[in-house]
Amino acid sequence: MNVRSLKLAGAASGLLFLVGMAPNVYAQSEVLNGIDKGGDTTTFETSTFTFQRSLILNQVGFMSASQPNEVYRYKIGDNPWATVTADQFDGRLYYYTFANPTTYAAGTTVVLESSYYASDISSTKYLYAGYSGVNAVGVSFTPTASGWSSGNIKVSEPGSNVAPEPGSIALFLTGGGALAGIALRRRRNAA
């Protein structure tokens, strides 16, 4: 086996490895497009996301007015409201990242609410922002007020968050090493 054959074999095995990984390399998707600067209202605002197929819920995002006493909460299905502290800001929304993202079946609903207590007028303000459309990710969206949302969610396909097994990578690497050894041995024997 000459060096050219070794290069071709290495390229082919690398390509096969990457092709095998391709189905597992999906970025998570936001459901809503074009969330712009938000406003606030004293009218109760929620956003309801309904899964049309099985998906992994990775993050829930909330509009923010950067005010003290803001409350971010979500509800999945018939479960009680869960209040969370957002851990990531993307320039528009504050996201809460689930430590263990869960796969939910079609028909599951996720409801979001973002609000803060405005002491100057002794009321609760509900936060919202405009959006231009819904991404084709298998989730429908129902706002309290048309064209507005109190947040967004990020989902991914089941299986998309799976990293390759260390054994798969090791097999790929050791297989390439064995191929190199065989090529060198044949070269010595041919000389």
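The table that follows gives values for the structure above.
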{"quantity": "Diffusion coefficient, µm² s⁻¹, Stokes-Einstein with Kirkwood Rh over alpha-carbon pairs of segment 29-156 at 4 °C and 1.567 mPa s", "calculated": "89 µm²/s"}
{"quantity": "Cut-off 17 Å (backbone N to label point 7 Å along Cα→Cβ of Ser140), residues of segment 47-72", "calculated": "47-55"}
{"quantity": "Length released on extending from Val84 to Ser132, taking residue separation times 0.36 nm less the Cα-Cα span", "calculated": "14.6 nm"}
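Quick note: the coordinates plus some simple rules give every number you see, no bench work behind them. Just so we're clear, the structure is a prediction, and the values are computed from it rather than from any experiment. Positions of Cβ are backbone-derived with ideal geometry, glycine not excepted, and every protein chain shown enters the neighbour counts.
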